[in-house]
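Here is the structure we will look at.
The values are calculated or read from the model by the stated rules, or taken from the named source; none is laboratory data. Predicted, not measured: the structure shown is a model, and the values here were computed from it. Please note: Cβ atoms are built from the backbone with ideal geometry, for glycine as well, and neighbour counts cover all protein chains shown.
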Amino acid sequence: MDRLGEWILPAAATGILLWGMLRRVPVFDTFLQGAKEGLSSSVSILPALIGLMMGVTMLEASGALDMLSAFLRPAAQWLGFPVEAIPLALLRPFSGSGSTALAASLFENISPDSFEGRVISVLLGSSETTFYAVAVYFGAIGVKKSGWTIPAALTGDFVTMAASVAAVILLFGV
């Protein structure tokens, strides 16, 4: 059964190639056209990604993330949200790799099997990089005004914070 995983991707690629050839699709030309469109999309979203990465780096390097975490600490304690997870909850909507690195550094001081560690794990696995996704997808199709997308997505992020705590309590107890 372990060896089955080694064959799934090559089998899928071969199946796609055979299906295209059976349908008389110019497979290589179609591949090149798709690659060309993908490169064009990458170039069009590059400025938004550079701006987002610069903003995240500045947020972390300036200490603003730590200051905002300290400001939110009393509210988090009152709501029952672990204060150790506040920086992750703040960074996650902006950066997937940054939040993963932050979680790894949090686990150096917090046991992954503790309540806080479990909330961090659930939060990391169930939340979205909201601003990154909006920058990539809206940038790719040229949307300039996001409308209600950001408020709705951030609402989802706040719900995820509460649901992370609830899931850990429900599944593991306090």
**Request:** Answer yes or no as to whether L52 is assigned to a helix (DSSP H, G or I), hydrophobic (A, V, I, L, M, F, W, C) and out of contact with any Phe, Trp or Tyr (no Cβ under 8 Å at 6 or more places or on another chain).
**Result:** no
**Tally, over the range 57-92, of residues that are within 30 Å of G142 (Cβ to Cβ) and surrounded by 20 or more Cβ atoms within 10 Å (Cβ to Cβ)** = 2
**Message:** Go through the range 115-161 and report how many residues are more than 20 Å from G96 (Cβ to Cβ), in a helix (DSSP H, G or I) and free of Cβ contacts under 8 Å to residues at least 24 places away in the same chain.
**Reply:** 2
**Complete:** In the range 93-114, residues that are in contact (Cβ under 8 Å) with a residue 24 or more places away in the chain, outside any loop (DSSP other than H, G, I, E, B) and surrounded by 18 or more Cβ atoms within 10 Å (Cβ to Cβ) total 2
**Item:** Residue that is farthest from T129 (Cα to Cα) [pool: residues in the range 35-50 that are touching a helix residue (DSSP H, G or I) at 6+ places or on another chain (Cβ under 8 Å) and not polar (S, T, N, Q)]
**Value:** P47
**Message:** Any residue in the range 29-46 that is touching a residue at least 40 places away in the same chain (Cβ under 8 Å) sitting within a Cβ distance under 8 Å of a residue that is of a type outside the set (A, V, I, L, M, F, W, C)? List the pairs, counting only those 6 or more apart or interchain.
**Reply:** S44/G139; S44/G142; I45/G139
**Fill in**
Looking across the range 55-92 at residues that are of a type in the set (S, T, Y) and either closer than 18 Å to G125 by Cβ or in a helix (DSSP H, G or I) (or both), the single one that is modelled with the highest pLDDT is S69
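Every residue, every condition in (1) among the charged types (D, E, K, R); (2) under 20 Å from V159 (Cβ atoms), yes or no:
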site: A103; (1), (2): no, yes
site: F107; (1), (2): no, no
site: E116; (1), (2): yes, yes
site: L123; (1), (2): no, yes
site: E128; (1), (2): yes, yes
site: Y132; (1), (2): no, yes
site: G139; (1), (2): no, no
**Residues of the range 1-38 that turn out to be closer than 26 Å to Y137 by Cβ and modelled with pLDDT under 85, as a count** = 1
**Item:** Unique residue being in contact with a helix residue (DSSP H, G or I) (Cβ under 8 Å, 6 or more places away or on another chain) and either of a type in the set (D, E) or on the phi > 0 side of the Ramachandran plot (or both) when the list is G98, G147, G142
**Value:** G142
